Amino acid sequence: MAERIAGKIFRSREEVIASGGKPLTEEERDAAIAQFEDWDKNVRSKAGPGPAAVGGRFSDDLAGTEYDPDTPGIPDHMRKDPGW
């Protein structure tokens, strides 16, 4: 069952196929993961020890979602606790 989390929709491979989508091949998936790992290694090499402060659109994935307590327009019964 597709699940909406923080404004993103997560589906299983089977759900993607059933809805007419084309899931990534293993090669495409491995290439995407390699790109992320290269980016992460590059950011961390410049940041020094501790968490990398990248800022911008990468700073807080939960801002503006149902997990952000300051986001207007989300009813209280739909708000979620990020669990920190």
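Observations, loosely collected:
- The calculated FRET efficiency for the pair ILE74 and SER45, based on their C-beta separation and a Förster distance of 30 Å, comes to about 0.20.
- LEU62-ALA31 FRET efficiency (beta carbon distance; Förster radius 22 Å; 0.05 resolution): 0.20
- Net +/- balance of residues flanking ILE74 in space, Cβ distance below 12 Å, scoring K and R +1, D and E -1: -2
FYI, it's all coordinate maths here, none of it is from the lab. Source: prediction; values computed, not measured. Because the Cβ atoms are built from the backbone with ideal geometry, glycine has one as well, and the counts that use them run over all protein chains shown.
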